[in-house]
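One structure below.
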Amino acid sequence: MSRKAVLDIDQRALEVKVEMDNLVEDIMELDAKIIELEAMFKMQVERLKDKFEEKQFYFKAQKEEKERYLRELFEQVPQSETKTQRKVQLINGDVVVKKSKMDFEKDATKLLEWAQKNNREELINKKEVLSFKWADFKKNLVIEDENIIDTQTGEMLVIDGLDVVTKSEELEIKY
């Protein structure tokens, strides 16, 4: 092979590498633009969130004021009454005042501890979560001629839910 042919091949490879390097630079710039765009989006989201919360606070304050006034008016008119509530029926909706009552406040963690200490197993809900230990299983597998072999036993495995697939090539750019 002549020296000139080697130089021609090297020159072409060099030109291709320069073109590839330019593409990597372009991709880096596009990644930077994407990051900048995401940052701008997050800033806008925060600004809009602040505006939303400000408006929401304003409307909630107005609503609370109207509810206070409605409660004052409610007490000035006749109401139907049941064991649990008092009610005034209107065209646009009913105004209901639920009567006060005793209720429970609970701490589920402390109640669980109490049930365990007092042998109240019927009050304890037990859940068992099953999951397959893939990482442990995979350590002992190899692929030979598109067959799955367990290296510990030497047997060829045919398991529903376990297949050999060929993953396609992926382009990765590191910078």
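The values are calculated or read from the model by the stated rules, or taken from the named source; none is laboratory data. Just so we're clear, the structure is a prediction, and the values are computed from it rather than from any experiment. Glycine gets a Cβ as well: all are built from the backbone with ideal geometry, and neighbour counts include every protein chain shown. Surface areas here come from the heavy atoms of the whole protein model, side chains and all, with no ligands, DNA or RNA. Shrake-Rupley method; radii C 1.70, N 1.55, O 1.52, S 1.80 Å.
Brief remarks on what is shown
- When Ile173, Ile148, Ile124 are screened for being of a type in the set (Val, Ile, Thr) and in contact with a strand residue (DSSP E or B) (Cβ under 7 Å, 6 or more places away or on another chain), only Ile148 passes.
- So Leu111, is it assigned to a helix (DSSP H, G or I), open to solvent by less than 100 Å² (accessible area, probe 1.4 Å) and either among the small types (Gly, Ala, Ser) or more than 30 Å from Lys127 (Cα to Cα) (or both): no
- Selection from region 125-175 of residues that are part of a loop (DSSP other than H, G, I, E, B), over 30 Å from Met28 (Cα atoms) and of a type in the set (Asp, Glu): Glu128, Asp145, Glu146, Glu155, Asp160, Asp163
- Scanning region 81-95 for any residue that is basic (Lys, Arg), closer than 30 Å to Tyr175 by Cβ, open to solvent by 100 Å² or more (accessible area, probe 1.4 Å) and modelled with pLDDT under 95 turns up nothing.
- Positions within region 64-79 being open to solvent by 90 Å² or more (accessible area, probe 1.4 Å), within 20 Å of Gln89 (Cα to Cα) and part of a helix (DSSP H, G or I), in sequence order: Lys66, Glu67, Arg68, Tyr69, Arg71, Glu72
- Residue under evaluation Thr84, criteria (1) over 30 Å from Glu72 (Cα atoms); (2) touching a Lys or Arg at 6+ places or on another chain (Cβ under 7 Å), criterion not met: (1)
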